[in-house]
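Read the structure below first, then the notes.
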2 protein chains.
Amino acid sequence: MNLDDLVALAKSRGFFWPAAEIYGGASGIYDYGHVGALLKKRFETAWTSFFVESNDNYYLLDAANILPEKPLVASGHAALFNDILIACTKCKTHYRADVLLSDVGIRISEGANSAEIDDAVEKNGVKCPKCKGAMAKSKPFNMMFDLYLGPERTEKAYLRPETAQSVYLNFYREFNILRKKLPMGLALIGRAYRNEISPRQGLYRLRELIQAELQIFFDPENFEVDFERLAHRTLSVFFHGAGGVERLTVKEIVEKRGIPRFYAYHMALIDLFYTLVLRIPEHKFRFLEKGADSRAFYNKIHMDIEVDVESWGGFKEVGGIHYRTDYDLSSHSKGSNKDMSVSVGGKKFMPHVLELSFGVDRNVWALVDTMFGKIGERSVLQIPNYLAPFAAGIFPLQHDEILENKAREIYTTFRTQFRIEYDDSGSIGKRYARMDEIGTPFCITVDYDTVDSNSQNYNTVTVRHRDDKKQERAKVIDLGEFLSKNTAFDIGQFLKKSGLLV
Amino acid sequence: MNLDDLVALAKSRGFFWPAAEIYGGASGIYDYGHVGALLKKRFETAWTSFFVESNDNYYLLDAANILPEKPLVASGHAALFNDILIACTKCKTHYRADVLLSDVGIRISEGANSAEIDDAVEKNGVKCPKCKGAMAKSKPFNMMFDLYLGPERTEKAYLRPETAQSVYLNFYREFNILRKKLPMGLALIGRAYRNEISPRQGLYRLRELIQAELQIFFDPENFEVDFERLAHRTLSVFFHGAGGVERLTVKEIVEKRGIPRFYAYHMALIDLFYTLVLRIPEHKFRFLEKGADSRAFYNKIHMDIEVDVESWGGFKEVGGIHYRTDYDLSSHSKGSNKDMSVSVGGKKFMPHVLELSFGVDRNVWALVDTMFGKIGERSVLQIPNYLAPFAAGIFPLQHDEILENKAREIYTTFRTQFRIEYDDSGSIGKRYARMDEIGTPFCITVDYDTVDSNSQNYNTVTVRHRDDKKQERAKVIDLGEFLSKNTAFDIGQFLKKSGLLV
């Protein structure tokens, strides 16, 4: 699917579209419709189960989107959370400099400063792509949105640029409420805000985005992981400076590439999440290491999590693993005058942070892109059952009050337990097609046999399977167990498959 | 409990506290800790089940927090979403005028304008409560936070002041994607932002708040509800102009007070939610009708949902039912030039809106306030099991590797299915006490019998019940079913109890 097709599908089927669409839409700001909201929720539930609930010292927080100025000065965001902006002297169009250069085929590192950008523009004679005008000097542009609190609007604050900051600010209290043990994980799913210079379609570069992030606080001299269980899994990694993607075992990543064991172990966990839980095909998933020139200065090791997304034109970032060292806790200790070092096992030290970061919008988009396609003539979202927005559709075979009443009765019985849809509009074929496009794994149809007490098939329905169109006859009374068994997300099953739970 | 006690409990037990607390905190902006985030999530899940998932044409959306300027001009918020601000001429302290007046014992309607405020200040000789200085003239103060998008920061936008607007903006698309039938419900749980002049402690007047709102779009000439099923329920209502609270049946509210059937029916639904699902005692729950002088001009009927919250000093608003007529869809039709009237049953009309609005933070606070208390010497959060942050605690009886290993094994078995806590720190009494304070309904203890293959009680544990401290012996193998049965939220059960599901 190309970008336009996916945008059109997302609008017509209830996934997502630009906010305030009836007013022409807001650039880089999206709303989720009733189908998209469910899909997003399923992704978030699976993510939370896999990364948070399966660990005994990991917890989920929820925190405000507005942050006062001080912590974002201390974290360096007020001074350094910049993109380089460049404008055309003639038509005044503004560009994000690295995007402009990359669009005209010039490679420049993400971390390039103004001088380097201006140099590249001059050397290559870059002109405005719109009007061929000359480019002005570039300049740093802070991407945070500022706002002003209080009756005189004098208290400067920001919308948080990443959810991570909310977690660091709560580390001190949570560590002391909890068991004072490391590693401790604090996760948060929430919104972050960035004044992107040129947002694009496709939930990729958003001004308001949803992140699912897990911050793991640990003793840098002693971060024990269950390494051996995952040591022999093979991952795809594009190392910085390498000619291309390599397939290496987790053990090799440590031994040949010098990546710490705790880091490689978490790469393997993420690989399990993508390939086992989300079921992204192995060849469409990889890690991309960022070099010192393109990672944030506080990241000691940084790998992007990338998925090959056709509508984005190839492998793109959907998340990252960031070894942020003690940068964040040290900065906030200094900024707040609250020493956040901990005493564990008779040793006092500042915990280090490993961040597993995921863009929820990007992952939702990547799922739809990767899993939507043709089976013969049919358009089907072949998503795992436990990620599907609806567990089942319930249909009367045709327009007839007897069938409709029975179908409604079945719907009413199960609607409080499963997210299911009743649909009696249009032909049965059209109803199947609608459900196929939003990934509903089962369609349950009530026909005349269902309501005929003389029929062998009395009180049975047909259950149609999404992918192979297989139809089977099932007793109404067994539907609850069938849907439970076939649509519930069971994290235990994945932990077992992966060898993490024995 | 008074306000300070509850604030202290919330901090020490992991419920909530001011954002950026290590920097001194942000006024009116709160974070939820690991216990509070779970409690909030349980409230939201129960709310969604009860109000949204139990209806076949009601859906949940999720939408951006930033809205462009245009829709908020059209909705009237840019011009009219004001509080009246009044400042001291001497010490320059700013007050919300109606709060200042009410604090010094002068009654004034919430909708009073500047002239009326200035009049009341003069007539009563109101001085600054801090320095006794004279008050300046009052003036309207727009409570929305503005922000500026784009590389030149020229595109004005706002943080949405209420989640409702996100829903109205999506009505047109959703109505056309869905079954084009009314009543249609679109719900959203999300954040809203208001530059409150004087935020207070206690999750009451927040600058960043979480709302759970259901917008029901309907044909004003034909909004059928299952009235008879709830007609005989008795509600507590404080009507505008009445001397106090009256106990009236739903039928009497319609017949004696002229409230429309559809409105009274939804009052009864909300009463069911509070008394049956949240289990707020009947005498602590009521509706308060707002008169024309204190409701928004677009609300034809407005009742606040009030709970008697000791730490707030009495009955306070935790939500509202607002009959907004066609104000919102008409305003946005005009503002966007997109006609949002619908054709249903051969008739073209603008749908009307009934809004059921709930402050999530306020409800979470009210739950803790109402349900936290003493049982003998013990401090216990006596919350319904399905609202409790944790389903169970799992403890080894004492510090002994054999017991700890067994307790961990049980924990590992169930942690992927239930939100449970393993705890081996401190005496068993202290661990019980901690769990009591956060409302954990069951504590499961592993003792020497559990691990002694010669004991009758081999592979059994004690299950201690929170409220009566009753202890029973249970087989480990039965724990899953026990926890499922006793801690899962089953909306069907409530619908049956209320007579809504037969």
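What the table below lists for this structure:
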read-out	value
Per-region count, the range B:334-372, residues within 14 Å of another protein chain (Cβ to nearest Cβ) and assigned to a helix (DSSP H, G or I)	6
Residue in the range A:88-96 that is more than 30 Å from residue B:41 (Cα to Cα), basic (Lys, Arg) and in contact (Cβ under 8 Å) with a residue 40 or more places away in the chain present	yes
Residue that is at pLDDT below 95 and either within 14 Å of chain B (Cβ to nearest Cβ) or closer than 14 Å to residue A:393 by Cβ (or both), where the choices are A:423, A:436	A:423
Filter result (closer than 18 Å to residue B:197 by Cβ and open to solvent by 80 Å² or more (accessible area, probe 1.4 Å)) within the range B:91-112	B:92, B:103, B:110
Filtered residue count, the range A:202-222, keeping only those that are among the polar types (S, T, N, Q) and surrounded by fewer than 19 Cβ atoms within 10 Å (Cβ to Cβ)	1
Among (1) touching a Pro at 6+ places or on another chain (Cβ under 6 Å); (2) open to solvent by less than 10 Å² (accessible area, probe 1.4 Å) - the single one residue A:351 does not satisfy	(1)
Unique match (being hydroxyl-bearing (Ser, Thr, Tyr) and modelled with pLDDT under 95) among A:336, A:331, A:294, A:341	A:294
Which numbered condition residue A:70 fails, given (1) more than 30 Å from residue B:424 (Cβ to Cβ); (2) modelled with pLDDT of 95 or more; (3) open to solvent by less than 40 Å² (accessible area, probe 1.4 Å); (4) in contact with a Gly (Cβ under 9 Å, 6 or more places away or on another chain)	(3)
Matching residues, the range A:284-325, being crowded, with 20+ Cβ neighbours inside 10 Å, assigned to a loop (DSSP other than H, G, I, E, B) and in contact with a Lys or Arg (Cβ under 8 Å, 6 or more places away or on another chain)	none
Filtered residues of the range B:189-215 (kept if over 21 Å from residue B:78 (Cβ atoms), out of contact with any Pro (no Cβ under 7 Å at 6 or more places or on another chain) and not polar (S, T, N, Q))	B:189, B:199, B:200, B:202, B:203, B:204, B:210, B:212, B:214
All positions within the range B:204-216 that are more than 12 Å from chain A (Cβ to nearest Cβ) and either part of a strand (DSSP E or B) or of a type in the set (A, V, I, L, M) (or both)	B:211, B:212, B:213, B:214, B:215, B:216
Whichever residue in the range B:157-195 is over 17 Å from residue A:18 (Cα atoms) and basic (Lys, Arg) and, among such residues, is least open to solvent (accessible area, probe 1.4 Å)	B:191
Members of the range B:55-89 found to be part of a helix (DSSP H, G or I) and not aliphatic (A, V, I, L, M), listed by number	B:69, B:70, B:71, B:77
Residue B:98, sole failed condition from (1) within 12 Å of chain A (Cβ to nearest Cβ); (2) touching a helix residue (DSSP H, G or I) at 6+ places or on another chain (Cβ under 9 Å)	(1)
Residue A:305 being modelled with pLDDT of 95 or more and touching an Asp or Glu at 6+ places or on another chain (Cβ under 9 Å)	yes
Those residues of the range A:90-130 which are part of a loop (DSSP other than H, G, I, E, B) and aliphatic (A, V, I, L, M), in sequence order	A:104, A:106, A:108, A:112, A:126
When residues of the range B:131-183 are limited to those that are part of a helix (DSSP H, G or I) and more than 7 Å from every other protein chain (Cβ to nearest Cβ), the one farthest from residue B:97 (Cα to Cα)	B:176
So residue A:249, is it more than 30 Å from residue A:72 (Cα to Cα), touching a Lys or Arg at 6+ places or on another chain (Cβ under 6 Å) and either within 14 Å of another protein chain (Cβ to nearest Cβ) or without any contact (Cβ under 8 Å) to a residue 24 or more places away in the chain (or both)	no
Residue identified as open to solvent by 20 Å² or more (accessible area, probe 1.4 Å), under 24 Å from residue B:46 (Cα atoms), aliphatic (A, V, I, L, M) and touching a Phe, Trp or Tyr at 6+ places or on another chain (Cβ under 9 Å) among B:254, B:225	B:225
Residues of the range A:121-141 that turn out to be over 26 Å from residue B:149 (Cβ atoms) and either crowded, with 19+ Cβ neighbours inside 10 Å or not assigned by TED's automatic domain parsing to the domain that holds residue A:100 (or both), as a count	0
Residues that are of a type outside the set (A, V, I, L, M, F, W, C) and more than 10 Å from every other protein chain (Cβ to nearest Cβ), drawn from the range A:387-420	A:389, A:393, A:396, A:398, A:399, A:400, A:401, A:404, A:405, A:406, A:409
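Matching residues to (1) open to solvent by 10 Å² or more (accessible area, probe 1.4 Å); (2) more than 8 Å from chain B (Cβ to nearest Cβ); (3) under 30 Å from residue A:175 (Cα atoms):
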residue: A:13; (1), (2), (3): yes, no, no
residue: A:19; (1), (2), (3): no, no, no
residue: A:23; (1), (2), (3): yes, no, no
residue: A:33; (1), (2), (3): no, no, no
residue: A:39; (1), (2), (3): no, yes, no
residue: A:51; (1), (2), (3): no, yes, yes
residue: A:55; (1), (2), (3): yes, yes, yes
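Okay, residues lined up against (1) touching a residue at least 40 places away in the same chain (Cβ under 8 Å); (2) over 25 Å from residue B:165 (Cβ atoms); (3) not hydrophobic (A, V, I, L, M, F, W, C):
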site: B:287; (1), (2), (3): yes, no, no
site: B:311; (1), (2), (3): yes, yes, yes
site: B:321; (1), (2), (3): yes, no, no
site: B:332; (1), (2), (3): yes, no, yes
site: B:340; (1), (2), (3): yes, no, no
site: B:357; (1), (2), (3): yes, no, yes
site: B:360; (1), (2), (3): yes, no, no
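The values are calculated or read from the model by the stated rules, or taken from the named source; none is laboratory data. What you are looking at is a predicted structure, and each value in this text was computed from that prediction instead of being measured. Neighbour counts are summed over all protein chains in view; Cβ atoms, including those assigned to glycine, are modelled from backbone coordinates with ideal geometry. The area values use the complete protein model at the heavy-atom level, side chains included, leaving out ligands, DNA and RNA. Shrake-Rupley method; radii C 1.70, N 1.55, O 1.52, S 1.80 Å.
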